[in-house]
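Take a look at the structure below.
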Amino acid sequence: MSTPPTPGKPRVLLMHHFLDPGPALLAEVAEVITYPSNRPLDEQNIRGAAEGCIGIVSQLKDPIGPIVLSTPGLRCVSNVAVGYDNIDVAAATANHVWVTNTPGVLDEATADFAFALMMATARRVVQGDTFVRQGNFKGWEIDMMLGHDVHDATLGIIGIGRIGRGVARRASGFNMRVLYSDQQPLQPEVEKQLGATRVDLPRLLAESDFISIHVPLTNETHHLISTAQLNQMKQSAILINTSRGPVVDEAALVEALKTHRIAGAGLDVFEREPAVHPSLIAQHNVVLAPHIASATTRTRSEMSAVAARNMATAVRGGRPPNVLNPEARQ
Ligand code: GLV
């Protein structure tokens, strides 16, 4: 499957094409080989393609576990994403492989998109668009497509990292009351700036009109929102997820939406991506997006640059700026 590396130039496996300037930055330091786009994305195949490579530039759909990470000579896996739940970091550390991600550059785009989903769901933007396109708009009606006010509502933010804080900042423009839950409290001055109040998760669920999730997927956050949590929400509540699909128990969410236990959901991520629960497709009170929260040209280009710089540093023998397991190569 693999061919021997060109002497003198370390080889890097690029799993998928990515935007400029990443490819040029990588080409300065490495011979870049690309993963065949028609080959299944499983560990055995990725391992085969990675033989002889010092690095892998991966994306969030690539499973990078112990089989890939034990490839001889592998030094760094650079994920073009801020989330890295597709990578077994412990196995990387055990194999002395650095793992890097792209923090910082996608916070604002993702916070924008969480708000876009909030607005679209609450104000029935997608339903309205379909209605007009299908020729159903026959005249203004006083009770047509009534939605929920976003302004003056209570917003509950689960996870107040960089993206969660970006959502809180936007909420002040809508005069929203902002609650957050997080293991780590914000500094009092940051809380004050954001106008955000820390509460426990049950209180956030019970009091919020909109709930926006901004936690990474870990063993602790898997199904953080399931039947019990949905049952604690207001019947008028709208759930927004731009984090990772498995943070929400999709079957429980479907049930809550079908039975109008909650009012709606705006989802950019799904439990078994790219598969979407068929009942979600059938629901009118949800807005669905194909994992595009960071998908602006500028943001994706910045992610590309950060990922390429991480890899280039590792190839040159340095410690990449965004390393997640610095202990890996000690
Ligand atoms: C996108 O979901 C990312 O983690 O960057």
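Read the figures in this text as sums done on the coordinates, not as results from a lab. This is a predicted model, so every value here is computed, not measured. Using ideal geometry, Cβ is built from the backbone for each residue, glycine included, and neighbour counts are taken over all protein chains shown.
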When a/c is below 1.5 the answer is rounded, else prolate if a/b is larger than b/c, else oblate, so apply that to segment 70-172 with a ≥ b ≥ c taken from the square roots of the Cα gyration tensor eigenvalues. prolate
Mind listing P(r) for the chain? All alpha-carbon pairs, 10 Å bins, whole percents. 6, 24, 29, 22, 14, 5, 1, 0
List, largest first, the extents of the alpha carbons of segment 107-288 along their principal axes, each in whole Å. 53, 34, 28
What list of ³J(HN,Hα) couplings, whole Hz, do you get for segment 59-70 from phi and the Karplus terms 6.51, -1.76, 1.60, once you set θ to phi - 60° and write x for glycine and proline? 10, 5, 8, 8, x, 10, x, x, 5, 5, 6, 8
Fewest to most neighbouring Cβ within 10 Å: what's the order for Glu271, Glu191? Glu191, Glu271
Label point distance in nm, Lys234-Glu327, each placed 7 Å from Cα along Cα→Cβ: 4.4
Taking the Cβ of each residue in Ile67, Ile225 as the centre, tally the other Cβ atoms inside 10 Å and list the residues starting with the fewest. Ile67, Ile225
On a 0 to 90 degree scale, rounded to 10, what angle separates helix 297-315 from the longest Cα axis of the chain? 30
Got a sec to turn the phi values of segment 223-240 into Karplus ³J(HN,Hα) couplings, 6.51 cos²θ - 1.76 cosθ + 1.60 with θ = phi - 60°, whole Hz, x for Gly and Pro? 6, 4, 10, 9, 4, 4, 6, 5, 5, 7, 7, 5, 5, 8, 6, 10, 9, 10
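For Ala90 and Asp149, calculate 0.36 nm times their separation in residues minus their Cα-Cα distance, and state this gained length in nm to one decimal.
Full-extension gain reported as 16.8 nm.
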Just want to confirm a number: the relative contact order over segment 107-288, from Cα pairs under 8 angstrom separated by 6+ residues, in percent. 21
Taking 0.36 nm per intervening residue step and subtracting the Cα-Cα distance, what contour gain separates Ala206 from Ser70 on full extension? 44.3 nm
What's the FRET efficiency of Ala275 with Glu43 using the Cβ-Cβ distance as r and R₀ = 30 Å, to the nearest 0.05? 0.90
Among the trypsin sites (Lys or Arg not before Pro) within segment 124-216, which fall in a DSSP loop and have no more than 11 other Cβ atoms within 10 Å of their own Cβ? Lys138
Tell me, what HN-Hα J-couplings in whole Hz come from the Karplus equation 6.51 cos²θ - 1.76 cosθ + 1.60 at θ = phi - 60° for each residue of segment 165-174, using x for Gly and Pro? 5, x, 5, 4, 4, 5, 5, 5, x, 9
What ranking do Leu194, Leu201 get, fewest neighbouring Cβ atoms within 10 angstrom at the top? Leu201, Leu194
What FRET efficiency comes out for Thr297 versus Arg133 if R0 is 22 angstrom and r is the Cβ-Cβ distance? Round to the nearest 0.05. 0.25
